[in-house]
Amino acid sequence: MIKLTVNGRPVALHEGSTLLDAAREAGVHIPTLCYYPRLPSHAVCRMCLVNVAGVARPQPACVTIAKEGDIVETDSAELQEYRKADAAWLLARHPNDCMRCEASGSCKLQSFVNEYQLEDRWDKLPRGSDEHPEHKLTDHTSPSILRDLAKCIECGLCVEACGEPGQQLNIIGFAEHGSGRLPVTVFDQSLADTNCISCGQCTLVCPTGALIETPHWHEVLHTLDARRRKSAVQVAPATRIAISEEFAMQPGTVSTGRMINALRQLGFDYVFDTNFGADLTIMEEATELLARVKKQKNLPLFTSCCPGWVNWVELNRPDILPHLSTTKSPQQMHGALTKRGAFARTLGPEFAEGSVEPYVVSVMPCTAKKDEAVRPGVSGDIDHVLTTRELARMIRARGIAFNALPEDGQFDSPLGESTGAAQIFGASGGVMEAVVRTAAHFIGEENSLALEWHQLRGVSEGLKSAEIPGIGKVAICNGIAATQRLLKTEAWRDEYVAIEVMACVGGCLGGGGEPKSMDPLVLEKRMQAIYAVDKNAPRRRSHENRDIQKLYATELKEPNSREAHVLLHTSYAARNSSRLLLMRFLDCVDRRDGKTAASLFHADALWSTASPFGDIQGAATIEAFINTRLPPRKYGPAYSRHRMEASADIDDLTVITPAGERCRFSMEVETLHQGSQARRVIRKLVREVLD
Ligand code: SF4
Ligand code: SF4
Ligand code: SF4
Ligand code: FES
C-alpha cells in the first residue's frame, strides 16, 4: 500500500493505482471525459489535470500513477482555467442541442458545463456541424444504435470499446489524426451496412449523445398515455438489478418490486417477467441439446439467446449457423406467448378472434434486442424494446419517486412465475448452468449432479469450461472477443458438446443498454446480486416452474413438440443470402406489408405464385397484390406465419406456409448500384408446392 494526500485528505491504496483512483478513494470529484474504468486511458480530454507537489506541470490524473507521499491538489484556480479552456474548445464545435438530446441528464459534457457555469461560453450553434463536411454525421440506419457525430468530443472510448481492448470488432475507427478526428466506419458506410452486431458497448462508454441506443421510450409513453390498447411489459433479469444504479443506489441493489410498481404507475396493464421466457428457453434448449447428443448431430450446440452473437454468426461465420440452437430467446418467446398464446385469448373475444392484439414492450439490458425484435420470422411479437437506461428516463420523465416506492411489487400471472435458473441468465455462464440443471433432470441425474457450477461463473475469464457427467464438456465464451479467439482454430468442434456465447463481457449484466457506471467492480457487484436472487429462490430449476408445467400440459404438449416449434423456435440466414431475402419477403407477406415487400424486388421482377393468382409482374403490382388481394391480416392467436423448414441450413429455401403446406422457392437475384451503395434484389421468385 502507498500513502498520499488529495486536497489534504490522507488516502492509502494499492501500488499501481492512479491519481484518479486516489481522488475517488478520498471522495474528491475530478471531472473526466475520456476515462472509462475497464478501458485503457489515453488522456486526450485533459479535464482531469491535477497538481502534484514538486512536479512542474499539471498531470492527467487518469493515467498518472500515484506515488508514496504525493501531495495532490485538484481544484486550484489555475486548474479550473485549464479545464474551462478545454471545455470552451469543445463547446465551440458542439451543437447547443441539450433540449432535444437523448443524452440530456446523463451527458458528461453537459454536467461539466453546469458544474463550471460555462453556459455563456456555448454559442448557439445550429444542429449539425460544418467541421467534417467530408463525413456523414448522422446515421439512423441501425435498429439499435443511433449516431450523431456532431456531438462527438473525440474521446476515443467508442473506438476502444469496439476495438482491440473491447469487442475486437473494429467497426468504428478514427478517420484522421490529431484534433478534428472522428470515429467513423470503413468507407463511411451506414452502420446497417457494416458488420456491427448492435451490442451497444460503444453507447455504454460514450460520454455524450453522439452514440446512443435507438430510442423507443417516446413512442412507449405516447401509447401508454393514449390508453387505447391493452398493454403488457416484460422485464429481463439483469434490468431489475442495474436499474437501482440509475437512482443512486449501490450497484448490486435488487429493485424488482420497486421496478414493478414503477411500471404499473407508468400505465402498463400487465407486468410480466422475461424470466418466464427464460425458463421456457431452458426447457426447449436442454431438450434440443440432449437430442443432438443422442444423434451426434450439429454438435457443439451454441446458445442463441444473445442477438449480438447471432448477428455475429450471420455476418461472419454462416458455417456455424447449423450449430445454433433454434430455440428463440426469452424476449421473443415471451412476446410470442403474450401476443399469440392462451393469455391473449383471455383478454376478450376481439383478441381471441384475431382483430386486435395487446401492445407488448420489453425492458432489456441490451441494445441488440431492438434489432432482434425486427428479425424476419419474429417481427411484431414485441412492439418496442426499452433499454434499462430508457426505462429510467421514463420513470424520471413521469416524476415517479423510484427510491420511495415499496419493494413489494409482484409480477402478474400466468407469464410471471420464474425460477432461480432463469434469473442467472443475466450473467455469463448462467444460461449453460440453467441448461445443465434441467438436462440433468431429463437424464435422471438431478440428484447426483451439482446444482451450482462455479467453474462456469465469473465476469473476468474469457473462456470457462466444465465436464458435465452424462452430458459432456461445455464451454462459456464471456464476450465476443473471447468467442472470436475460440473460433480461430477448429478445436471447438470436437472438444465441447455445448457452448454458451454472450457478446458482452459479463453477459447481459454488462449489456450495452445497462446504466453507465464508473465503478470498476460494477460487473462483479451486479453478478453477485444475480446469484443471490437464485440462491434465495424457492425453485431453482426451470422444469420446476409451475406455470411452465401448465403451459406444456395445456398448449405445447412437450418440449420440442410441433406446437412448441411453431411458437418457440426460429430460423437463421447468412447476411446477403437468398435465404435472408426470402425470409424478409415472407415476413412482409405475413404482416401484409406490401410496400416493404416491394422494396426487396427489382422494379420488373416476376413472382410466380403457384396458386390461382398465377404470375405477378413488377414490384408495384406485387405491393398492390399483398395489400389488397390477400385476405386481411389476423392478429394475436389467429396470426400464423411462414416458417423455414430447415431452421439453420444456409441454402435451404423450403418453407411451411401458415396453412401447413410445404413449398420450395427458387430465386434469381440481381445487385443494384445506387451511388456507392450496392443492394441485392429479387429478379425472379418461383414457388413450387411440394405436397
Ligand atoms: S454496437 Fe457494438 S459492434 Fe456496433 S459499433 Fe458499437 S461496439 Fe461496435
Ligand atoms: S462518439 Fe462518443 S465515445 Fe466515440 S469518440 Fe465521440 S464522444 Fe467519444
Ligand atoms: S450479452 Fe446480453 S446484453 Fe450483450 S448483446 Fe448479448 S443479449 Fe445483449
Ligand atoms: S479523463 Fe483524464 S485526460 Fe480525459
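Can you name every one of the helices (runs of 4 or more DSSP H) wholly within the stretch 402-487 that holds 1 or more residues which are touching a Pro at 6+ places or on another chain (Cβ under 6 Å) and either surrounded by 24 or more Cβ atoms within 10 Å (Cβ to Cβ) or modelled with pLDDT under 95 (or both)?
420-423
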Considering residues of the stretch 278-319 that are closer than 23 Å to G200 by Cα and away from ligand 1 (no atom under 16 Å from the Cβ) only, the residue most open to solvent (accessible area, probe 1.4 Å): P318
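Specify the residue that is nearest to ligand 3 (Cβ to nearest atom); the eligible residues are those in the stretch 29-44 that are over 25 Å from the mean Cα position of the chain (by Cα) and open to solvent by less than 20 Å² (accessible area, probe 1.4 Å). Reasoning before the result, please.
Initially, the stretch 29-44 is screened for residues over 25 Å from the mean Cα position of the chain (by Cα), giving 29-32, 41-44.
Subset that is open to solvent by less than 20 Å² (accessible area, probe 1.4 Å): 30-32, 43.
Numbers: I30: 30, P31: 29, T32: 25, A43: 29 Å.
Ranking the qualifying residues of the stretch 29-44, first place goes to T32.
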Qualifying residue in the stretch 560-567 (condition: acidic (D, E) and in contact (Cβ under 8 Å) with a residue 24 or more places away in the chain): no
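So how many residues does the stretch 172-222 have that are in contact (Cβ under 8 Å) with a residue 24 or more places away in the chain and away from ligand 3 (no atom under 16 Å from the Cβ)?
Filtering the stretch 172-222 for residues in contact (Cβ under 8 Å) with a residue 24 or more places away in the chain gives 172, 175, 179-184, 187-188, 190-193, 195-217, 219-221.
Then keep just the ones that are away from ligand 3 (no atom under 16 Å from the Cβ); that gives 172, 175, 179-184, 187-188, 190, 192-193, 206-210, 215, 217, 219-221.
Of the residues in the stretch 172-222, 23 are in contact (Cβ under 8 Å) with a residue 24 or more places away in the chain and away from ligand 3 (no atom under 16 Å from the Cβ).
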Members of the stretch 152-176 that are in a loop (DSSP other than H, G, I, E, B), more than 14 Å from ligand 4 (Cβ to nearest atom) and either among the hydrophobic types (A, V, I, L, M, F, W, C) or buried (at least 23 other Cβ atoms within 10 Å of the Cβ) (or both): C152, G166, Q167, L169, I171, A175
Any hit, the stretch 405-426, residues being over 27 Å from F343 (Cα atoms), in contact (Cβ under 8 Å) with a residue 60 or more places away in the chain and in contact with a strand residue (DSSP E or B) (Cβ under 8 Å, 6 or more places away or on another chain): no
Near pairs, Cβ below 7 angstrom, 6+ apart or cross-chain, from the stretch 12-35 (under 14 Å from D75 (Cα atoms)) to any residue that is in a helix (DSSP H, G or I) and within 16 Å of ligand 2 (Cβ to nearest atom): P31/F112
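On the given criteria, is T194 over 30 Å from V271 (Cα atoms), β-branched (V, I, T) and open to solvent by less than 30 Å² (accessible area, probe 1.4 Å)?
Working: over 30 Å from V271 (Cα atoms): yes; β-branched (V, I, T): yes; open to solvent by less than 30 Å² (accessible area, probe 1.4 Å): yes.
When the stated conditions are applied, T194 passes them.
If you take just the helices (runs of 4 or more DSSP H) that sit entirely in the stretch 332-372, which of them hold at least 1 residues that are under 13 Å from the mean Cα position of the chain (by Cα), under 27 Å from I241 (Cβ atoms) and of a type in the set (A, V, I, L, M, F, W, C)?
Values: elements: 342-345, 349-353, 368-372.
Passing ranges, in order: 368-372.
Could you tell me whether K3 is at pLDDT 95 or above and of a type in the set (D, E, K, R)? Please lay out each step first, then the result.
Working: at pLDDT 95 or above: yes; of a type in the set (D, E, K, R): yes.
Spelling it out, K3 is indeed at pLDDT 95 or above and of a type in the set (D, E, K, R).
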Strands (runs of 3 or more DSSP E) completely within the stretch 610-691 that count 2 or more residues being touching a residue at least 24 places away in the same chain (Cβ under 8 Å) and touching a Phe, Trp or Tyr at 6+ places or on another chain (Cβ under 7 Å): 677-689
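The values are calculated or read from the model by the stated rules, or taken from the named source; none is laboratory data. Nothing here was measured: the structure is a model prediction, and the numbers come from that model. Neighbour counts are summed over all protein chains in view; Cβ atoms, including those assigned to glycine, are modelled from backbone coordinates with ideal geometry. Calculation scope for accessible area: heavy atoms of the full protein, side chains included, ligands and nucleic acids excluded. Shrake-Rupley method; radii C 1.70, N 1.55, O 1.52, S 1.80 Å.
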